[in-house]
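*Asks:* One structure follows; several queries about it will come next.
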Amino acid sequence: MAVLAPLLVFLFIIAVDFARVYYYSQTLTNCARSGAFYASDPWTASESPFTSTQDAALSEARNIDPPPTITERTGANGSGHAWIEVSAEYKFATITGFPGIPNEVNLKRTVRMYVSAIVPNTNP
């Protein structure tokens with residue numbers, strides 16, 4: 001038992017950190033998706049309780065402290081269709097510092113959506 005206990009504790013801590021990284025990654029994906037959805041649809045933005053893309057994105061990360069960094073970027077494709085890109089970034093810290101395992105991991109998730117037209121385009 002004295003030989004296996006440190007190895008089992010080490011494996012348990014690695015498993016817990018892996019689960020935490022996965023959870024934070026999913027939360028960041030939801031943040032980026034909510035922010036992009038808010039910014040891509042003018043009707044959603046006008047009826048939403050949120051006042052900005054950042055507010056909409058951070059509504060998915062209320063349980064993360066400090067909150068992730070939300071950035072947005074706009075552009076257009078070759079045919080002139082506008083898009084919005086929202087990124088959520090967070091510096092994740094592991095539970096403990098073991099040799100060979102990084103103490104901090106930068107997590108970043110980005111979602112790009114096309115912006116909906118306010119009125120349908122009737123020109124062919």
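The values are calculated or read from the model by the stated rules, or taken from the named source; none is laboratory data. Since the model is a prediction, treat every value here as computed from it, not as a measurement. A quick note on method: Cβ atoms are made from the backbone with ideal geometry, for glycine too, and the neighbour counts reach across all protein chains shown.
*Asks:* Could you grab me the full set of residues in region 94-109 that are closer than 23 Å to residue 54 by Cβ and without any contact (Cβ under 8 Å) to a residue 40 or more places away in the chain?
*Replies:* The one that is closer than 23 Å to residue 54 by Cβ and without any contact (Cβ under 8 Å) to a residue 40 or more places away in the chain: 106.
*Asks:* Hey, does region 34-56 have a residue that's under 30 Å from residue 9 (Cβ atoms), at pLDDT 90 or above, of a type outside the set (A, V, I, L, M, F, W, C) and under 18 Å from the mean Cα position of the chain (by Cα)?
*Replies:* Initially, region 34-56 is screened for residues under 30 Å from residue 9 (Cβ atoms), giving none.
Checked against the condition, which is being under 30 Å from residue 9 (Cβ atoms), at pLDDT 90 or above, of a type outside the set (A, V, I, L, M, F, W, C) and under 18 Å from the mean Cα position of the chain (by Cα), region 34-56 yields no hits at all.
*Asks:* Could I ask something else about it? For residue 105, which of the numbered conditions (1) at pLDDT 90 or above; (2) of a type in the set (A, V, I, L, M, F, W, C); (3) in contact with a strand residue (DSSP E or B) (Cβ under 7 Å, 6 or more places away or on another chain); (4) under 19 Å from residue 20 (Cα atoms) fails to hold?
*Replies:* (1)
*Asks:* May I ask you to list pairs of residues, at least six apart or on different chains, whose Cβ atoms are under 9 Å apart, with the first in region 1-12 being touching a residue at least 60 places away in the same chain (Cβ under 8 Å) and the second being of a type in the set (Phe, Trp, Tyr)?
*Replies:* The qualifying pairs are 10/98.
*Asks:* Scan the helices (runs of 4 or more DSSP H) fully inside region 1-112 and keep the ones with 2 or more residues being touching an Asp or Glu at 6+ places or on another chain (Cβ under 6 Å) and buried (at least 16 other Cβ atoms within 10 Å of the Cβ).
*Replies:* Where helices (runs of 4 or more DSSP H) fall fully within region 1-112 and carry at least 2 residues being touching an Asp or Glu at 6+ places or on another chain (Cβ under 6 Å) and buried (at least 16 other Cβ atoms within 10 Å of the Cβ), they are 4-40.
*Asks:* Checking residue 28 against (1) out of contact with any Phe, Trp or Tyr (no Cβ under 8 Å at 6 or more places or on another chain); (2) hydrophobic (A, V, I, L, M, F, W, C); (3) closer than 30 Å to residue 14 by Cβ, which single condition isn't satisfied?
*Replies:* (1)
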